[in-house]
Amino acid sequence: MTRWNGETYHGRQVTKPSSFDWKVSAYIFILGVAGSAQIIAAVARPNRSLETQARLLALGGSILGPLVLIRHLKTPSRWFNMLRIVRPTSPMSLGSWLLTAFGGLSALTALGSVFGRRWPFARRISEAAQGPAAVAGAGMSVYTASLLSSTSTPLWAAAPAPLGVQFGSAAMAGAASALALLQRRDGEDEIAQRLERLALLAGGTEMLASQAAKAQWRRAGVAPRGTPDALIKGGGTVAGALLPFAAHLLGRALGGRAEKLLPEAASLAMLAGGAAMRHGVLTAGNASARRPGDVFRTTQR
Amino acid sequence: MDGGLAHRRVLEHTDLDPQKPIPQEAEITAGCVIEPGRSYGFFTDTTLCIGCKACEVACKEWNSLPSEKGPMTGHSYDNTGELGAHTWRHVTFLEKLDGATTMPPYQSNWLMMSDVCKHCSPAPCLEACPTGALFRTEFDTVVVQQDICNGCGYCVPACPFGVVELAKEDGKAHKCTLCYDRLKGGLEPACAKSCPTDSIQFGELSDLIARAELRVAKLHEQGQPKAYLYGTPDGPGTGEGLHHLNAFFLLTAQPEVYNLPPKPTRPARNARPSFLAGLATMAGLAVAAALVGVGRR
Amino acid sequence: MPSLGASYGRGAATLPQWDLANADCVLVMGSNMAENHPIAFRFVLQAKQKGATVIHADPRFTRTSAMADIYAPLRAGSDIAFLGGIIRHVLENDLWFRDFALPYTNLSTIIDEEYRGPEELDGLFSGWSAEGRRYSPASWQYEGMMMPSSLAEAFIESEGFCEAVKRLQDGPTPKDETLQHPRCVYQILKRHYARYTPEMVERVTGCPREVFVKVAEEMARNSGRERTATICYAVGWTHHSTGVQMIRAAAILQALLGNVGRPGGGILALRGHTSIQGSTDIPTLYDMLPGYLPQPHAMKPHRTLPEYLESETNPTGWWHNFPKYAVSLLRAWYGAAGNAENGFGFDLLQRMTGDHSQLPMTVAMRDGIIKGLFVMGQNPVIGGSNSRLVQRGLAQLDWMVVRDFAETETANFWRDGHIIRDGEMRTEDIGTEVFLMPASLAGEKAGSFTNTHRLIQWHDKVVEAPGDSRSELWFAYHLGRLLKEMYADSAREEDRPIQALTWDYPVDEEGEPDAEAVLREINGYTWPEKQQVSGFSDLKDDGSTACGCWIYSGVFPKAGENRARSRKPDGPDGPGTHLGWGFAWPDNRRTLNNRASADPAGQPWSERKRLVWWDEDAGQWDSPDKVDFPPTKRPDFEPDWAGKPAGIDALSGHQPFIMIPDGVAGLFVSSGLKDGPLPVHYEPIESPVPNLLYAQDANPAAKRWEHRDNRLHETGDPRFPHVLTTYRLTEHHAGGTPTRSVATTAELMPEGFCEIPTELAHALGIRSKDWVVLSTLRGEVETRALVTDRLRPFRIGNQLVWQLGMPWHFGWEGMATGDIANVLTAVVGDVNTAMHENKALTCALRPGRLHRGER
Ligand SMILES: Nc1nc2c(c(=O)[nH]1)N[C@H]1C(S)=C(S)[C@@H](COP(=O)(O)OP(=O)(O)OC[C@H]3O[C@@H](n4cnc5c(=O)[nH]c(N)nc54)[C@H](O)[C@@H]3O)O[C@H]1N2
Ligand SMILES: Nc1nc2c(c(=O)[nH]1)N[C@H]1C(S)=C(S)[C@@H](COP(=O)(O)OP(=O)(O)OC[C@H]3O[C@@H](n4cnc5c(=O)[nH]c(N)nc54)[C@H](O)[C@@H]3O)O[C@H]1N2
Ligand code: SF4
Ligand code: SF4
Ligand code: SF4
Ligand code: SF4
Ligand code: SF4
Ligand SMILES: [Mo]
């Protein structure tokens, strides 16, 4: 068959954009933080206070997230149909089950932290649940990436692996930053610094992943444009990595109150950046689905 | 197509009581018996399409779908635009005239094609659906169960052809059912039955593919070398994981001008790489977390 | 239809649509068949799949062109130049089917020495009277004898007519089989079309020379013993001031090529509405009685029945049976009230005095001559030419009855019409009292359709009509019943016709008359026993039979046998004539003049094209079709001239055109047509260019109505430089009420528009969907632009001509709306049919909107 000469059908869209909006971006962000928080919880011992904060953060996320997600359903009253079947080919189906498990496990782990002193058995349950919870948490942090990449939306489908890394590391960066802030509030500056270091590491990873994704998108001819592109750059690279690095260095240099305030600002920037990056990817995808050129470039024989 | 068999059945039935429905009417109108357990689909031969839109109207009438009247598009005679929640057949029109007077046989200067849900095998929309609202029927077609769909909308970006869509009215996904209700009653789908030129041919997939291949050969010898099939196994219209389309097409120009992707693929194949890459990252970061010693006192 | 009538004897399609599948070449010209006759077009595609060549000649590249092998673009109104060119090509290169055309047409007949053609008189025929603006056909006759027409009106105004035509019984018509005689039709044709060279065709029509030649060669290549070609036309030809002659040109070509009465050969007139053929057979036309019998005329020797029969009966040919049909019709109408004194009621028939067709009627309304109007199944505000004139006319009426299923533009012109919008009139000043009555649609009532190829098909009532909707039959019957009651005891002479009318149709409990009773009467029965007759051969001229329409006789041969209802198709192995499916007039014959499918000796021209043959042993004609010829007349039969043979006995066994007085196809038509014996290219009445072939620009005999509301454009008027043609879209039906008021069809073409060639649009800065204004001296309309390459510029002579196209379906009612194309058109038409010229006029185009006066 002859090679494509760039001609389209009256410039009309080929695929339909998803109905996913900010609610889905928010969900991805919240459960990313919650999921990664469980991983931190798993390695936080013997730091009880951090463990507890991580577990509660996870629990909070696994309650708030679904509420936002259900709001995005066009028939919310039927959200439970998600649990009607298990569809191995559908990340959304598996994700729903994973979310259910994660929610349950997070509840169990929280149980130990809250009532552990009075009821020893609660502690034993949470000990047992912690491992699985961390694994589920890892899943929660990344499954949304496979959910987006298993579609016919050109930009989402063009870079599956980098997207997984991007979302995962952003999730960890978010969780670490959130906990760092809490630790700072408790005056645990040293723990906070370690968490901030973890966050910077994750942020760096995410920055590299973003570059990799960019490269793949460009090669596929579906490079993001306009606002979504700005959100990805600004959220993923600038606010998610460069600014925090700078803030920390500056903090060190200046010392004094800056040594406390700038890292806090950095953590906030990381959280905001992670959310922005996710929303950028989401909207960039919807836009590319509307562009016949993106679809045809990614479906040549 | 030769209605030999069909005619014979007409003769048998002309004496029947007109009030009573004819059992297996499809045998008369489409020359095929409809039985559960077999694969059915459409062979849409664009070289026979006169762009009359009878298929669009028949579909809306049979399925009582609302009209989506907008202003004129200015895109040749296509005022329908695209398939969607309320439009399950869409005839495309593309003018490629450059002053031609003698042309390769069979409309190659004003392309018309009646587009429809491809009832893909495997079907990306179905593979994406978390509720099981989308299912494969006993006729090997893909249908949405309205009472189960919860409007998650995941099937929409999953479809490589932009077919299925959520309706504003009820927030559920809607698309061609390949006239599931009619098939159950032994009736040919409304669009195919109303097509005056047999551009839309309904039948058992194997028969259709055989018929289509003969048609392509015939066209080649009649001087239309550009004719090819879109959506038959391993041909254009299929790609990694997307084996074939139960509703396939005979085209005379590159797929793009009919608004069809030349090589659609099975989206679900992307799930594993992104998930594994993600998990590896998390493992790495978990180790990192331990190393930076977030737990140490 | 007069054209086919004058040429082949019957004004109807010569073949069934499904026979197109047997054609080797199909020329679709003057029709957008794929869009307007999709079901019939199915058979064109079947032929194409078998390898036939499909050609579309049209000013626009349409959905039909998209399916064609050859698309011949030509300027609207230039078809005679194109077809004349093919005729010349065929004659000059000896490509015509000699063995067929010589015996089966009047090619060798010698014409009166007084005859002069347009090549000599620069565009006029001999017999033209400048003051009367009409022709006398006296000089168009056969040498030494007068040829009466096979059309409704046989009588020709000229002294001693009846004696002159009787000479047809004295011996064969004057012929020169060698075709050497300078006045034989063959030589006349050659002289007549000599100037229609490919070069000239290109200059006049704008069709590239090589494309034209290709078309001519394909037609010729696919004709002869082994192959046949069909021509399909519709209103792309009839809607012209030269419409009848366009079809004549096709008839001449097909007869020369031997494409008449043979499988896959002929002329398929694609008729319009589902039963438009029926409405010419049992006419809604003013000048004919059912079965193509002439309407008595006040200025003709039609004072008494004997005089009428004497002057209208052809001495030779099938029409010699005319008295039987006329008398039987009168018996059916007046029954017992008819007697010897009043000529079976003939005296009660009203006489016509001139042209009472829709166009002059419109003008008469405008001038306040017509006071009341019934509009039943019509929407003249949209469909009628010069819509503003129509609206002004309606505003002058005292009353109007509109029967439709929705409120049409005609029904509410007084509220939303142009005359109101423009502030020309105010609603309160319009005195017309409008009665809008709900009409039931086809599925809601029983009745018959006569389709495009004369096939009468019955349909039963399948659903109840909503509300108070009633059928036409119900309305007409009860209107008549009430009138009869009102005039029952009147002594006035002018009320006799109403009193005398038989009006005895049985009605059911809802008062709905039995439609089959009407069909039984149309078929005919014996009088007074009322036993169904088996066909028109049973009809008598002594009042012992009654028949509502002789050509339909046989459709209801005995009580309880409604053949229009029969639904028995041939099987796959069957002959494919489907004689068991419905009933085709006459006498269930599917292909007309099918005797011509056999050679003079009675053998098929070829096995491939076998349809009718003489069976020597059985001593009769045999065929899978009904034979359109006396069943046992031997092919070698010759009339016995000594005995002054009359009617069909005056025709030999090898003269297939039995309706024509001399039994052969009329290439040269001596009488019956008011604008000449041969087709001549004239420009449309409104044209941007002069006639490049003759000094005479437009058809001199064409009908024009001088009226201040109906001003015409001079040839080449610079204010109106573009050619405009109007037409249909497959998505809508005619005036649009049935489709624009239904959501699922309205959305397909949601707005009115005008198709504009790309180059012109660029020059004027117009983009698709922009508003544009089209104007003529009749009015202005605003509509959307659809810029397209499917319309192209034409180089006519050395002048560049742009052509615009506007679908005429739109109006202000319903969901899909747009301005009315007919606001632009004029009341002008063909002299033979009074058919308007809405396919070719001139107009101006400008971007922007129309600023109408406020209400
Ligand atoms: N869908 C649909 N079908 C219909 C109808 C309808 O309204 N809608 N109407 C029915 C009726 S009432 C009728 S009469 C028939 C009419 O059937 P058609 O005659 O096919 O109808 P039109 O579209 O009016 O004209 C046909 C073509 O004539 C072309 N034409 C215009 N001028 C000329 C000319 O000078 N020469 C040639 N060669 N072509 C010319 C126009 O470009 C147009 O493509 O259709 C019937 N069928
Ligand atoms: N400019 C331009 N003008 C044209 C033409 C053109 O090509 N160009 N075409 C001409 C031709 S060919 C024609 S035939 C005319 C058509 O012109 P019209 O006959 O005036 O137009 P229609 O819309 O067909 O009118 C039919 C009406 O009858 C109604 N109707 C349908 N079924 C029934 C029924 O059973 N009973 C009753 N009582 N009403 C019924 C429909 O709703 C519709 O309103 O237009 C002519 N005018
Ligand atoms: S075409 Fe789209 S909607 Fe139809 S079956 Fe395939 S994926 Fe599903
Ligand atoms: S929108 Fe309905 S059909 Fe589509 S995936 Fe979600 S549940 Fe399934
Ligand atoms: S198969 Fe039925 S539902 Fe699908 S397009 Fe045809 S008519 Fe519509
Ligand atoms: S009905 Fe048939 S011919 Fe008409 S548009 Fe649809 S596919 Fe084409
Ligand atoms: S609309 Fe009716 S009449 Fe016209 S083509 Fe279709 S079936 Fe025939
Ligand atoms: Mo018509």
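Couple of notes before you dig in:
- Solvent exposure of chain A, expressed per residue, is 38 Å² of accessible area, with all protein chains present and a 1.4 angstrom probe.
- DSSP beta bridge pairing in the protein assembly as shown, given as percent antiparallel to the nearest 5: 60 percent
- Loop-located chymotrypsin sites (Phe, Trp or Tyr not before Pro) in segment C:491-569 (DSSP state not H, G, I, E or B) with no more than 10 neighbouring Cβ atoms inside 10 Å do not occur.
- Loop-located GluC sites (Glu not before Pro) in segment B:196-255 whose Cβ has at most 16 other Cβ within 10 Å (DSSP): B:GLU240
- Reciprocal mean inverse distance between Cα atoms of the protein assembly as shown - Kirkwood radius, Å: 36.4 Å
- Global geometry of chain B, whether rounded, prolate or oblate, following the gyration tensor of its Cα atoms and the 1.5 cut on a/c: prolate
- Using only alpha-carbon positions in segment A:64-177, the gyration tensor eigenvalues give semi-axes of 29, 18, 12 Å once each is multiplied by 5 and square-rooted (largest first).
- Beta bridges by DSSP in chain C, antiparallel share as percent, to the nearest 5: 50 percent
- Percent of Cα pairs exceeding the 33 Å cut-off, where the set is chain A: 28 percent
- Overall Cα dimensions of segment C:181-245 - principal axes, largest extent first, Å: 37, 35, 25
- Interface burial for B against C (accessible surface, 1.4 Å probe, total of both chains, Å², rounded to 100): 4200 Å²
- Placing +1 on each Lys and Arg Cβ and -1 on each Asp and Glu Cβ, with no other charges, gives segment B:145-297 a dipole about its Cα centre of roughly 700 debye.
- Segment C:659-687 and segment A:6-74: distance between their alpha carbon centers, rounded to Å: 84 Å
- Cβ charges +1 (Lys, Arg) and -1 (Asp, Glu), total dipole of segment B:67-217, debye: 80 debye
- Cα centroid of segment A:117-160 to Cα centroid of segment C:303-366, whole Å: 95 Å
- Modelled this way, with points 7 Å down the Cα-to-C-beta line, the labels at C:ASP94 and C:ALA618 are 3.9 nm from one another.
- Normalised by 2.2 N^0.38 Å, where N is the number of residues, the alpha-carbon radius of gyration of segment C:582-662 equals 1.10.
- Surface composition of segment C:155-283: carbon and sulfur make up 55 percent of the accessible area, probe 1.4 Å.
- Between the listed residues C:MET815, C:VAL787, C:GLY797, the Cα displaced farthest toward the positive end of the dipole of segment C:772-823, a dipole computed from Cβ unit charges relative to the Cα centre, is found at C:GLY797.
- Counting only protein heavy atoms and using a 1.4 Å probe, the accessible area of B:HIS243 comes to about 90 Å².
- Solvent-accessible area, 1.4 Å probe, carbon plus sulfur percent, for segment A:1-86: 65 percent
- Computed on protein heavy atoms with a 1.4 Å probe, the accessible areas place A:LYS74, B:LYS60 in the order A:LYS74, B:LYS60, largest first.
- Count Lys and Arg as plus one, Asp and Glu as minus one, and take only other residues whose Cβ is under 14 Å from that of C:PRO174; the net charge is then -4.
- Per-residue SASA entry for C:ARG719, accessible area with 1.4 Å probe, Å² rounded to 10: 140 Å²
- Kirkwood hydrodynamic radius over Cα pairs of segment C:105-150, then Stokes diffusion coefficient at 37 °C and 0.692 mPa s, in µm²/s: 283 µm²/s
- Translational D in µm²/s for segment B:42-134 (Stokes-Einstein at 20 °C, 1.002 mPa s, Kirkwood Rh from C-alpha pairs): 140 µm²/s
- Positive dipole terminus of segment C:465-573, leading residue within C:SER534, C:ALA515, C:ILE498 (C-beta point charges): C:SER534
- Inverse of mean 1/r across different Cα pairs in segment C:712-855, Kirkwood, Å: 15.9 Å
- Every Cα-Cα pair in segment B:187-267 was counted, and those over 21 Å apart are 33% of them.
- Per residue value of the accessible surface for segment C:809-855 (all protein chains in place, 1.4 Å probe), Å²: 33 Å²
- Just so you know, the averaged projected area of the alpha carbon convex hull for segment C:408-522 sits at 11.7 nm².
- Checking the cross-link pairs C:LYS568/C:LYS633; C:LYS300/C:LYS540; B:LYS69/C:LYS839; B:LYS172/C:LYS445 against a 32 Å limit on the alpha carbon distance flags B:LYS172/C:LYS445 as lying beyond it.
- The residues of chain B expose, per residue, 33 Å² of accessible area to a 1.4 Å probe.
- Helix B:271-292 axis versus longest C-alpha principal axis of chain B: approximately 10°, rounded to the nearest ten.
- Global geometry of segment C:739-786, whether rounded, prolate or oblate, following the gyration tensor of its Cα atoms and the 1.5 cut on a/c: oblate
- Cα gyration tensor category, rounded, prolate or oblate, for segment C:301-375 with a/c compared to 1.5: prolate
- Residue with peak Gaussian network fluctuation, chain A [Cα springs, cutoff 10 Å], from A:PHE121, A:PHE102, A:PHE29: A:PHE121
- Evaluated with a Cβ-only charge set (Lys, Arg +1; Asp, Glu -1), the protein assembly as shown carries a dipole of roughly 8700 debye about its Cα centre, given to the nearest 20.
- Translational D in µm²/s for segment C:1-145 (Stokes-Einstein at 4 °C, 1.567 mPa s, Kirkwood Rh from C-alpha pairs): 71 µm²/s
- Straight-line cross-link reach from A:LYS214 at under 13 Å between alpha-carbon atoms covers these aspartates and glutamates, not counting any fewer than eight positions away in the same chain: A:GLU206, A:ASP229.
- Cross-link reach is defined here as a Cα-Cα straight distance under 22 Å, omitting same-chain residues fewer than 8 places apart; for C:LYS50 the lysines meeting it are B:LYS218, B:LYS226, C:LYS214, C:LYS609.
- Buried area at the A:B interface is about 6300 square angstrom, summed over both chains, from accessible surfaces computed with a 1.4 angstrom probe.
- Dipole of segment B:20-79, positive end: most advanced residue of B:ILE50, B:ASN79, B:CYS32 [Cβ charges, Cα centre]: B:ASN79
- Within segment C:50-79, the residues that become at least 50 Å² less accessible when every protein chain is included than when their own chain is isolated (1.4 Å probe; DNA, RNA and ligands ignored) are C:PHE61, C:ARG63, C:ALA66, C:MET67, C:ASP69.
- Accessible surface comparison of A:LEU208, C:LEU189, probe 1.4 Å, protein chains only, largest first: the order is A:LEU208, C:LEU189.
- Of the trypsin sites (Lys or Arg not before Pro) found in segment A:80-143, the ones in coil according to DSSP and having at most 11 other Cβ atoms within 10 Å of their Cβ are A:ARG117, A:ARG118.
- Between helix B:205-221 and chain B there is an angle of about 70 degrees, using the helix long axis and the longest principal axis of the Cα atoms.
- Computed over chain C, Kirkwood Rh from alpha-carbon pairs, angstrom: 27.9 Å
The values are calculated or read from the model by the stated rules, or taken from the named source; none is laboratory data. Note that the coordinates shown come from a computational prediction; the quantities given were computed from them, not determined experimentally. Heads up, the Cβs are rebuilt from the backbone with ideal geometry, glycines too, and the neighbour counts pull from every protein chain shown. Accessible surface is based on the protein model in full, side chains and every heavy atom, while ligands, DNA and RNA are left aside. Shrake-Rupley method; radii C 1.70, N 1.55, O 1.52, S 1.80 Å.
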